[in-house]
Amino acid sequence: MICLIQRVTYGRVEVDGDEIGAIGPGLVVLTGFEPDDNSEKINKMLHKLLHYRLFADENDKMNLNVQQVGGGLLLVPQFTLAADTRSGLRPSFSSSAPPAQATVWFDEFVAKARQKYNPVQTGEFGTDMQVSLCNDGPVTFWLQV
């Protein structure tokens with residue numbers, strides 16, 4: 001499981017011109033799944049996301065997590081994160097989880113996130129989304145479990 005997380009001042013997702021998810025300050029989380037992912041990895045990633053310290057404390061050090069600052073989570077499925085780009089000039093998606101399985105895992109990831117934290121907004125699996133955000137810092141991290 002791969003998550004590209006970005007600390008943002010805002011994030012939003014549109015599908016066909018309609019806003020389907022939006023947050024103020026918090027994390028935009030682009031999420032990709034690989035064939036060997038499972039519920040255990042989803043749990044580990046969710047724990048990491050909710051506890052990863054990338055917000056500034058009173059000394060301007062990255063010591064606070066999204067929960068401590070009351071930030072939003074915008075979870076966006078992005079299968080291209082798991083692409084194999086090691087050779088050639090066109091990505092291969094053989095290293096990505098099949099769409100039917102990735103959909104199940106994304107839904108599980110969202111459901112577990114909503115059980116543990118609020119607010120959680122999402123993109124929509126399998127659609128052409130327009131994602132807008134203002135990266136704060138910029139602060140961006142690649143997490144993999």
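Within the stretch 19-57, the set of residues being in contact with a Pro (Cβ under 9 Å, 6 or more places away or on another chain) and among the hydrophobic types (A, V, I, L, M, F, W, C) comprises I23, L30, F33, F55. Of everything in the stretch 72-117 that is in contact (Cβ under 8 Å) with a residue 60 or more places away in the chain and part of a loop (DSSP other than H, G, I, E, B), the residue that is farthest from D128 (Cα to Cα) is Y117. What do you reckon, is R53 under 20 Å from the mean Cα position of the chain (by Cα), assigned to a loop (DSSP other than H, G, I, E, B) and either basic (K, R) or surrounded by fewer than 12 Cβ atoms within 10 Å (Cβ to Cβ) (or both)? Yes: the conditions hold for R53. Of all residues in the stretch 28-47, those satisfying the criterion of being within 14 Å of the chain's Cα centre (by Cα) and either hydrophobic (A, V, I, L, M, F, W, C) or surrounded by fewer than 17 Cβ atoms within 10 Å (Cβ to Cβ) (or both) are V28, V29, L30, F33, I42, N43, K44, M45, L46, H47.
State whether one or more residues within the stretch 21-29 are in a loop (DSSP other than H, G, I, E, B) and either farther than 18 Å from E108 by Cα or in contact with a helix residue (DSSP H, G or I) (Cβ under 7 Å, 6 or more places away or on another chain) (or both). Within the stretch 21-29, one or more residues are in a loop (DSSP other than H, G, I, E, B) and either farther than 18 Å from E108 by Cα or in contact with a helix residue (DSSP H, G or I) (Cβ under 7 Å, 6 or more places away or on another chain) (or both).
The set of residues from the stretch 118-136 being in a loop (DSSP other than H, G, I, E, B) and either under 28 Å from A56 (Cα atoms) or out of contact with any Pro (no Cβ under 7 Å at 6 or more places or on another chain) (or both) comprises N118, P119, G123, E124, T127, D128.
Among the candidates T122, T80, T140, T127, the residue that is closer than 26 Å to G17 by Cα and surrounded by 14 or more Cβ atoms within 10 Å (Cβ to Cβ) is uniquely T122.
Read-outs: derived from the displayed coordinates by stated rules, not from any lab. Just so you know, these numbers come straight off a predicted model, no measurement behind them. Every residue, glycine among them, receives a Cβ derived from its backbone with ideal geometry; neighbour counts consider all protein chains shown.
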